[in-house]
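Below is one structure, written out as C-alpha cells, with a few remarks after it.
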Amino acid sequence: MSEPSLSRRAFLASTGLAAFAGPSLARTGSAWAATAAKVATPAPAFSAVATTGKTVSLADHAGKIVVLEWTNHECPYVRKHYETSNMQALQKEATAQGVIWLSIISSAPNEQGYVSASQADELTKTRGAAPTAVLFDPTGVVGKMYGATNTPHMYVIDKAGVLQYAGAIDDKPTSRKSDVPGAQNYVRVALASVAAGQPVKTPITRAYGCTVKYA
Amino acid sequence: MGTMGRMSRLLAIALLAICLMAASAGDGAAAWSGSPRVTVELVSERDAVAPGKTFWIGLRQTIAPGWHTYWSNPGDSGEPPQIDWTLPAGFTASDISWPNPERIRLGPAMSYGYSNEVVLPIQLTAPANLVPGTRVTVAGRASWLVCEKECIPEEAPVSLSLPVVAGEPGLHPTGAPLIARARQAVPSPSPWPATFTATPETVTFAVAARGLVQDRLSEVWFYPARWGAIDHAAAQQARVDARGITVEVARGQLPEATAAPIEGVLVLTERLDGGVVRQAFALRAAPAAATSGLALLRSVALALAGGILLNLMPCVLPVLSVKALGLIQHSAGSARAMRRHGLAYSAGVLGSFAVVAGTLLALRAGGERIGWGFQLQSPLVVTLLAYLLFAMALALSGVFVIGARLAGVGQSLAARSGYGGSFFTGALAAVAATPCTAPFMGAAVGFAVTQPWTTGLLVFEALGLGLALPYLLLTLIPTWRRFLPRPGAWMKRLEELLAFPLYASVAWLVWVLSQQAGPTAVAAALGGLVLIGLAAWLFRISRHARATWRGAGLTAVAALVVGAVALGPLAGTAPARDPAQAAGGRAETFSPRRLAELRAQGRPVFVNVTAAWCITCLVNERVALRSDAVTEAFARKGVVVLKADWTSRDAGIAEMLGSFGRSGVPLYLLYAPALSGRVAASAPAVLPQILTEGAVIDAVNRI
C-alpha cells in the first residue's frame with residue numbers, strides 16, 4: 001500500500017467538501033403543455049369556424065354536455081371507427097340525448113386530413129356521420145389548447161362546462177376494425193356518467209391514433 | 001408530405017395486397033416481406049434448433065428513410081409492433097425484448113420508436129421431443145404502424161425455417177451479430193436505486209448513479225414505460241452531481257400514475273475518447289416520500305435489533321460484561337447514580353456513532369463511494385484498534401488496573417467521578433463494535449447511506465441505541481437488577497475470562513491486517529503489541545513506586561505507546577499481498593489480459609470486483625454468487641468467473657472501475673459470449689450492486 005489508504009484520503013477530502021453542482025443539461029420543451037386543458041377543471045373557451053361558415057363557440061353551448069372529437073378522415077385509426085360505423089353510432093346516440101358533438105379538424109393546409117368546407121360536409125354525408133358541427137382549426141390553436149395529440153382524440157365536457165373526460169375513444173389501441181366490437185367505449189361510459197351527474201370512473205386515458213397534423 | 005405521402009401510401013396498399021414473399025435465403029434467414037416503407041424478416045441467432053433448447057430470434061424491420069416504427073411505449077401516438085405466432089407444436093415464444101428507442105418529435109407530440117433498422121429480439125424455446133434431422137418452421141404475422149408524418153398500419157407474414165440438430169447448434173453468420181447488437185441495446189437492469197418526487201407540475205427522478213462525470217454526458221433522457229406519469233414531449237432537466245443523476249420533467253396527465261413506482265428506461269449518452277456510447281438502464285423509481293416513511297421505520301427497527309445483537313460480539317461483550325459486573329458489585333448503590341452511569345454510557349455510545357456516521361455521511365455526500373466499516377480500509381485504523389482491544393484485554397487479565405478517571409470500569413462505577421468513565425466506556429464499546437458487523441446491520445446501513453443525512457444519522461443512532469440498550473435498561477429499571485447473580489469471588493474469575501474474547505478479537509484484527517497489508521504490517525503491529533504489553537506492565541509497577549520513579553515510569557509508558565503507534569504507519573507501507581490468495585474458490589484471478597483471452601475464446605465471463613472490507617460484496621457473495629442455483633447457472637452457460645480483489649489498492653482494477661464510472665466496489669459485470677469476434681469489444685451487462693440470486697440468474701439467462 002504505497003498510496004494513502006482510502007479512509008485517510010477520504011478524511012482529507014472531507015476537509016474541503018466541494019459543491020459538485022454542474023450546469024444542467026437544457027432541453028427544448030413542449031411549448032403547449034402548460035396551457036393544455038385539464039380534466040376536472042373548466043374546459044378552455046374557444047371559437048372556431050364551422051363548415052357552415054358560422055363561428056361556433058364553446059360558450060354557445062353552455063348548459064349542455066359537449067363532446068369534442070379531433071378527426072382526420074385519412075388517418076387509419078379514424079377510419080377504423082368510421083368504417084365500422086362505431087363513431088357515427090356514438091354521435092347519433094349522443095346527439096339524440098341533446099349532447100352537442102363538435103368534430104374538430106386541426107390539420108393545417110396541405111397536411112393530411114385538411115379539407116374544404118364542402119369536402120367536410122360531403123364526408124359527413126357519405127359516411128353517415130351525425131356531429132352537431134364540424135369545426136376547422138387550421139392554426140391548431142384549439143387543438144393545442146386542449147392538448148390534442150391524436151386523431152381520434154376525445155373530450156367530454158359536462159353541463160357546468162367542466163372537462164370530465166380526455167383521451168381515447170376506447171380501450172383497444174389498434175387500427176384493426178375487428179377490435180371494435182369487443183372494446184369498452186370510454187366516451188359512451190363517460191357520457192352516461194356525466195348525464196347522471198356522477199363522476200367519470202376513467203376520466204383520463206392515453207389517446208391513440210395518428211398524430212394531429214398541426215402546421 | 002401530401003402528394004408524396006399519399007402516393008407512397010397507395011403504392012403500399014397495392015404492394016401489401018400482393019404480400020411480397022421473397023424466396024427463402026437459406027437456413028435461419030428468412031423470407032422477407034413488407035412494404036416499400038418497412039420490410040420485415042425473422043432472423044435467428046443459431047443456424048439450427050436443438051431439442052429442449054432456448055434460443056434467440058429477432059424480428060428485423062428495415063425502415064425507409066424518414067419513416068419510423070414504435071417502441072413498447074409509443075409515446076403520444078402510435079402503436080408498437082406485434083407478432084401473432086403460428087408456432088410448431090411445443091414451441092413457446094417470449095415477449096419482445098425492446099431495444100432502447102429514439103425520440104421522434106412531431107409538432108407538439110413526442111413519439112418513441114425506431115428508424116432505419118431495428119431488430120426486436122424474442123426468445124424461442126423448442127420442445128424436448130424434436131427429432132434431429134427434421135426441419136421446423138416458425139411462422140407468424142407481424143403487424144406494425146409506420147409513420148412519417150402520416151401513419152400506415154401494415155402487416156406481413158414472417159417465417160423462419162431451421163433444421164433440427166442433436167448437439168449444440170452453431171451461430172448463424174448473419175443472424176447472430178444482428179441479434180447480439182440488438183440485445184446490447186436492450187436496457188440492462190439499473191445498477192442504481194431510483195426514487196421520484198412529484199409535485200402538481202413536475203416529477204423529479206433521483207438516480208443514485210454516483211461517480212459520473214457531467215461533462216462527458218452529452219445526453220440524459222428518461223423514457224417512461226407507460227403513458228401518463230410524465231409529459232413525453234416536455235423538456236427534461238438533467239443534472240449530474242456527486243449524489244447522482246436527477247431528471248426533472250413536467251408531469252403527465254394521469255394523476256394516479258405517481259401513486260405507484262414509475263418504470264422506464266434511462267438512456268445515458270456518454271462521449272468517450274473513442275466515440276459516443278449510448279447505454280440504457282431499466283429503472284423502477286419508487287415514490288420517495290411514500291417509501292421513506294415505511295422504509296425508515298423498518299430500517300430503524302432493523303438497526304435497533306442489530307445494535308442489540310452487537311452486544312454479543314466478541315469485541316463488545318467483554319466491555320458490556322465488565323460494566324454489568326460493576327452493577328452487581330454496586331447493586332446496593334444509589335439508584336440515581338446508576339441511572340446517571342447508564343445515561344453517560346449511552347451518551348458515549350451515541351456520541352461515538354454520531355462521529356463515525358457523520359464522517360461517513362459527509363464523505364459520501366462528497367462523492368466517496370464508501371460504506372460502513374470504511375474505517376477498516378485503513379491498516380492504521382486496524383492496527384490502532386488492535387492496540388486498544390489488547391490494552392483492554394491486559395487490563396482484564398490484571399496486568400494493570402485502569403484508574404477510575406480513565407475508564408470507570410468495575411469498582412469505580414458508583415463514584416461520581418466515574419460518569420466520565422462511563423461515557424468513555426460507551427464510546428469505547430462503539431469503537432470496539434465497528435469491526436463486528438451484526439447480521440441486521442447490512443440492510444439498515446445500506447439504506448441509511450443512501451438517505452439524506454438526517455435520515456441516515458437517525459438510522460445510525462438507532463444502531464447505537466440498540467448497542468447501549470441492555471446496559472441502559474439495567475441501570476434505569478432497578479427491579480431488573482434482581483435477576484443479576486450475587487456478587488462474589490466469581491466476578492474476578494469472569495473478568496479474567498472475558499479478556500480472552502478480546503485477545504481473540506486482536507488475533508482477528510491482525511489477520512485482517514495480514515490480508516490488507518502483508519507480513520511487514522503484521523510484524524509492525526505485533527511489535528507494537530509487545531510495546532503495549534511492556535507499557536501496561538510499567539504502568540502498573542510505576543504506580544506503586546516512589547514519586548521520582550513514578551514520573552520516569554509514566555514517561556516510559558507514554559514513550560512506549562507513542563512507539564507502538566508510530567509502528568502503525570509501517571503497516572501502510574507494507575507490500576500488498578498476492579491477490580490470488582484471497583480470490584479463493586472456483587474463481588480465477590482477474591487481469592485485463594485474462595479477460596481479453598477469455599473473450600477472444602468466445603467464453604462468457606462474470607467479473608466480480610470485490611474487497612475483503614466490503615460488506616456488501618461479502619453479503620452478495622454469500623447470498624447470490626455462491627448459491628447452488630447461481631453456480632448451476634454459471635456452469636450451464638460455461639461462464640468463467642473472474643475475481644478482481646480490491647482489498648488493497650490496485651491500479652488495474654481502479655482503472656476498470658473508472659471505465660464503468662465507478663470509484664468503488666462492488667461492481668459486477670457479465671460479458672456475453674463474443675460472436676465470431678464481431679462484438680468482442682461490446683460492453684458487458686452491469687449487474688446491480690445488491691445482488692439477488694434471481695438477478696444473477698436472469699442476467700446469465702440473457703446471454
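Each value in this text was obtained by applying a stated rule to the coordinates, not by laboratory testing. Model, not experiment: these values are computed from the prediction. Here the Cβ is made from the backbone with ideal geometry for all residues, glycine too, and neighbour counts use every protein chain on show.
Quick notes on this structure:
- Which of A:SER57, B:SER397, B:SER44, B:SER33 has the fewest Cβ neighbours within 10 Å, and the rest in rising order: A:SER57, B:SER397, B:SER33, B:SER44
- From least to most packed, judged by other beta carbons within 10 angstrom and beginning with the fewest, B:THR246, B:THR69 follow the order B:THR246, B:THR69.
- Label sites at B:THR548 and A:ARG188, each approximated as a point 7 angstrom past Cα along Cα to Cβ, lie 11.4 nm apart.
- Distant-in-sequence amide contacts of B:LEU667, defined by a placed amide H-H separation under 5 Å and a gap of 5 or more residues or a different chain, comprise B:VAL609.
- Across region B:64-78, coupling constants 3J(HN,Hα) worked out from phi with the 6.51/-1.76/1.60 Karplus curve, θ = phi - 60°, read 5, x, x, 9, 8, 10, 10, 7, 4, 9, x, x, 6, 8, x Hz, and Gly and Pro carry x.
- Summed residue charge, Cβ within 14 Å of A:VAL39's Cβ, Lys/Arg positive, Asp/Glu negative: +2
- Rounded to the nearest whole Hz, the Karplus-based 3J(HN,Hα) values (6.51 cos²θ - 1.76 cosθ + 1.60, θ = phi - 60°) of region B:58-63 follow the sequence x, 8, 9, 10, 9, 10, with x at glycine and proline.
- Calculated from backbone phi, Karplus (6.51, -1.76, 1.60) coupling profile of region A:101-116 in Hz, x at Gly/Pro: 10, 10, 8, 10, 10, 9, 4, 7, x, 6, 9, 4, x, 6, 9, 7
- The label point for B:PHE483 and the one for B:GLU632, both projected 7 Å from the Cα toward the Cβ, are 4.5 nm apart.
- Global geometry of region A:41-211, whether rounded, prolate or oblate, following the gyration tensor of its Cα atoms and the 1.5 cut on a/c: rounded
- When region A:62-215 is described by a simple charge dipole with +1 on each Lys and Arg Cβ and -1 on each Asp and Glu Cβ, the residue from A:PRO152, A:PRO181, A:SER118 located farthest towards its positive end is A:PRO181.
- Taking amide hydrogens as placed 1.01 Å from N in the peptide plane, the amide H of B:SER35 sits under 5 Å from those of B:VAL40, each at least 5 positions away in sequence or on another chain.
- Residues B:PHE222, B:PHE500, B:PHE281, sorted so that the one with the fewest Cβ neighbours within 10 Å comes first: B:PHE500, B:PHE281, B:PHE222
- Sites A:ALA89 and B:ARG278, calculated FRET efficiency, Cβ-Cβ separation with R0 56 Å, nearest 0.05: 0.75
- Residues listed by number, region B:129-150, amide nitrogen under 19 Å from A:ASN110 label point at 7 Å toward C-beta: B:148-150
- Normalised per residue, the volume of the convex hull around the Cα set of region B:189-290 (Å³): 94 Å³
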